[in-house]
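Quick notes on the structure that follows.
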């Protein structure tokens, strides 16, 4: 692979072009000159015309360029401005990190950001730090919200066997009577997990999940903690504990 080959990516939507006048031709000319000034030869011009910058997946030229990047057809990608590449900071950082892993540099003309020099790499690390901060804040907010739902007794995942979700609440399903039947059959009979699973049309792993799920006690589990739920329990704690003891001894 020749390290001096570069891909040029240009994008414009009808709205952007009317408002800012940043046409495809203007972007292309500026980037071709910039490539030449930095000693790169243009491998190919990838054009997305009339495409939104909200995501990467619905832009044919972008997807073609990223596939060519994986094939190491060029050593750098030149863009006119960061928002031409993506308006999502997360998509931008993730994609640039992937490109760096492939050994491909990234250059944004207007933003003076590139990974071909020490100063450019430093600027990219600053942007990456902010993106990581945003990811952590979003994760913390999600965990807090889910934890609050669990403390309030509301379901935080899909309904387990024997229950269904109605109006965002966990209620008994038509087959709920089968759950205590499974527990009693397991604890009172000398039957293998394989035989029991076949009897109820479950996989062995599916059966184990039923036999160890604290949801049947009327509890909600989230982030390693079980709190009292607002739904109706299907088995007693005494029966649940007996089953867990037998499971440990299998």
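No value in this document is a laboratory result; all are computed from the given coordinates. Here the structure is a predicted model, which is why all the values come from computation and not from measurement. Positions of Cβ are backbone-derived with ideal geometry, glycine not excepted, and every protein chain shown enters the neighbour counts.
Report the label-to-label distance for residue 42 and residue 57 in nanometres (one decimal), using points 7 Å from each Cα along the Cα→Cβ vector.
Label-label distance for residue 42 and residue 57, simple model: 3.1 nm.
Starting from the exponent 0.38 and prefactor 2.2 Å, build the expected Rg for region 152-248 from its residue count and divide its actual Cα Rg by it.
Numbers: Rg = 13.2 Å, N = 97, 2.2 N^0.38 = 12.5 Å.
Computed over Cα atoms of region 152-248, the ratio equals 1.05.
Quick one: 59, 11, 100, 158, fewest Cβ neighbours within 10 Å first, how do they rank?
Listing 59, 11, 100, 158 from fewest to most nearby Cβ atoms yields 158, 100, 59, 11.
With the crude spin-label approximation of a point 7 Å out along Cα→Cβ, what separation in nm comes out for residue 237 versus residue 184?
2.2
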